[in-house]
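Structure first, commentary second.
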Amino acid sequence: MKILITGGAGFIGYHLAKRLSSEGHNITIADNFFRGKRDAELGALLKNPNVHLVEADLSQKDAWNALGKGYDQVYHLVGINGTNLFYEIPHEVLRIGVASTMHALDWFRGVNGVPDAKILYTSSNEAYASALEAYGSLPLPTPENVPLVIADTYNPRWSYGGQKLIGELFFIHYAKAYNFRMVIVRPHNFYGPRSGYGHVIPGTLEKIRVKTDPFPLPGADETRSFCYIDDAVEAMQVVMGSRATDGGTYHIGNPNELSMEALVQEIFNIAKWHPKTLEKKLSPAGSVKRRLPDVSKLKRDTGWEAKTTLEEGLRKTVEWYLLNPKGDSR
Ligand SMILES: NC(=O)c1ccc[n+]([C@@H]2O[C@H](COP(=O)([O-])OP(=O)(O)OC[C@H]3O[C@@H](n4cnc5c(N)ncnc54)[C@H](O)[C@@H]3O)[C@@H](O)[C@H]2O)c1
């Protein structure tokens, strides 16, 4: 199959491209390296004759012309990810998210030219997370059909959730109006090697590497559920490949919930280093207290379930980050 992965040099895109190319598919990665890195791993992937790179800013309509056409599957992953960036450049988070998604859909319906092709949108749990701030509660585990909410348009944190909400609306209503196949996924805290340095797990590992003590821990009692990247990209492939998922929205994640304190303790154990003092701190405004996806719809429609244990996934992640400490990347 001929497959396009936009934002393909980033965390999820790289692992997805690696998996799909190893199965013999013809992969085009499109990225402008805003956040994705030209590192040794991407270089090795690009040595495969069935993997191609197009460097392009996909928030610009004309850039889509460089991608050619005739793709059987399109994974639209472009986005400005990373919580710090939501606060620093909310206007760009909005512009790039909305513009690239509109252009993706116009290109897909007007130029791509494969009648049975399917396009996948990576939304986010952040599209509904603000409901907690607005109403004080969310069903847990959280199913796909909860209202998508922006509690406070002046809190830059919600720039990211806001553009994902708009992206979902575009996908649903363009697909209906122009009659094409699409699916929306909401990744829930994917982790693993080569995930950048802004997320909680790489951040914790960097502090361990330089032996930060006292060890600051914001939001110690907050909970998340972490899904290892190999499981995550398998789920995306399964959702894309199924006809039962056409037109639907799916949560992808691991149903095991744990506190941030339990997470860092597990990482300390694996890294074999414990600080003398754990300094628990308040979370930034708008941070979500509990997050746990209901993944039963995904299991019902595709049979997919996360397989990797937290210990196994963290071990692989820790090994990679100890060999690849933070440089000057985002
Ligand atoms: N990682 C997660 O757990 C998670 C959770 C929820 C949603 N998502 C969504 O999944 C998608 C992929 O996430 P990721 O973790 O791989 O993030 P990432 O930042 O590693 O990858 C996104 C890629 O998009 C590229 N990009 C940004 N602007 C671009 C532009 N204008 N033109 C071309 N490329 C551009 C970046 O350079 C980067 O390589 C994003 O849309 C993100 O919002 C991820």
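The values are calculated or read from the model by the stated rules, or taken from the named source; none is laboratory data. Since the model is a prediction, treat every value here as computed from it, not as a measurement. Please note: Cβ atoms are built from the backbone with ideal geometry, for glycine as well, and neighbour counts cover all protein chains shown.
Restricting attention to the stretch 15-25, the residues that are out of contact with any strand residue (DSSP E or B) (no Cβ under 8 Å at 6 or more places or on another chain) and within 16 Å of the ligand (Cβ to nearest atom) add up to 3. Annotation: I3 fulfils all but one of (1) outside any helix (DSSP H, G or I); (2) out of contact with any His (no Cβ under 6 Å at 6 or more places or on another chain); (3) of a type in the set (A, V, I, L, M); (4) surrounded by 19 or more Cβ atoms within 10 Å (Cβ to Cβ); the unmet one is (2). Scanning the stretch 308-322 for residues that are within 18 Å of M260 (Cα to Cα) and either surrounded by fewer than 19 Cβ atoms within 10 Å (Cβ to Cβ) or not β-branched (V, I, T) (or both) turns up T309, L310, E311, E312, G313, L314, R315. Restricted to the stretch 75-113, and to residues there that are touching a residue at least 60 places away in the same chain (Cβ under 8 Å) and not in a helix (DSSP H, G or I), the residue that is farthest from F33 (Cα to Cα) is Y75. The number of residues in the stretch 43-70 being of a type in the set (D, E, K, R) and within 11 Å of the ligand (Cβ to nearest atom) comes to 2. Of all the criteria given as (1) surrounded by 20 or more Cβ atoms within 10 Å (Cβ to Cβ); (2) away from the ligand (no atom under 11 Å from the Cβ), the one not satisfied by A177 is (1). Would you check if R224 is touching a residue at least 40 places away in the same chain (Cβ under 8 Å) and within 12 Å of the ligand (Cβ to nearest atom)? Spelling it out, R224 is indeed touching a residue at least 40 places away in the same chain (Cβ under 8 Å) and within 12 Å of the ligand (Cβ to nearest atom).
Each residue in the stretch 210-221 was checked for being in contact (Cβ under 8 Å) with a residue 24 or more places away in the chain and farther than 11 Å from T277 by Cα, and 5 of them qualify.
Can you work out which of the residues in the stretch 115-154 that are within 24 Å of P90 (Cβ to Cβ) and touching a Leu at 6+ places or on another chain (Cβ under 6 Å) is nearest to the ligand (Cβ to nearest atom)? My answer is T122. Taking the listed residues G8, G36, the one that is within 12 Å of the ligand (Cβ to nearest atom) and closer than 22 Å to L323 by Cβ is G36, with no other qualifying.
In the stretch 230-245, the residues that are more than 12 Å from R19 (Cα to Cα) form Cβ pairs under 7 Å with partners that are within 15 Å of the ligand (Cβ to nearest atom) and among the β-branched types (V, I, T), at six or more places apart or across chains, as follows: V239/V183; V239/V185; M240/V183; T245/V183; T245/V239. Checked against the criterion of being without any contact (Cβ under 8 Å) to a residue 24 or more places away in the chain and either touching a strand residue (DSSP E or B) at 6+ places or on another chain (Cβ under 7 Å) or not β-branched (V, I, T) (or both), the stretch 286-294 has no qualifying residue. Scanning the stretch 6-44 for residues that are assigned to a helix (DSSP H, G or I) and touching a helix residue (DSSP H, G or I) at 6+ places or on another chain (Cβ under 8 Å) yields F11, I12, Y14, H15, L16, A17, K18, R19, L20, S21, E41, L42.
Could you tell me whether any residue of the stretch 89-96 is away from the ligand (no atom under 13 Å from the Cβ), at pLDDT 95 or above and under 18 Å from the mean Cα position of the chain (by Cα)? Break it down into steps so the answer makes sense when it comes.
Kept after step one, since they are away from the ligand (no atom under 13 Å from the Cβ), are these residues of the stretch 89-96: 90-91.
Narrowing further to those that are at pLDDT 95 or above: 90-91.
In the following step, the residues that additionally are under 18 Å from the mean Cα position of the chain (by Cα) were identified as 90.
Yes, the stretch 89-96 contains at least one residue that is away from the ligand (no atom under 13 Å from the Cβ), at pLDDT 95 or above and under 18 Å from the mean Cα position of the chain (by Cα).
Applying the criterion of being away from the ligand (no atom under 16 Å from the Cβ) and among the β-branched types (V, I, T) to the residues of the stretch 180-210, the residue that is nearest to the chain's Cα centre (by Cα) is I208. Among residues of the stretch 246-272 that are over 30 Å from K176 (Cβ atoms), those with a beta-carbon under 8 Å from a residue that is β-branched (V, I, T) and not in a helix (DSSP H, G or I) at least six positions away or on a different chain give the pairs N254/V295; P255/V295; E257/T223; L258/T223; S259/T223; M260/T223.
Within the stretch 45-61, which residues are in contact with a helix residue (DSSP H, G or I) (Cβ under 9 Å, 6 or more places away or on another chain) and not aliphatic (A, V, I, L, M)? Working first, answer last.
Restricting attention to the stretch 45-61, the residues satisfying the condition of being in contact with a helix residue (DSSP H, G or I) (Cβ under 9 Å, 6 or more places away or on another chain) are 45, 48, 50-61.
Within the stretch 45-61, N48, N50, H52, E55, D57, S59, Q60, K61 meet the criteria.
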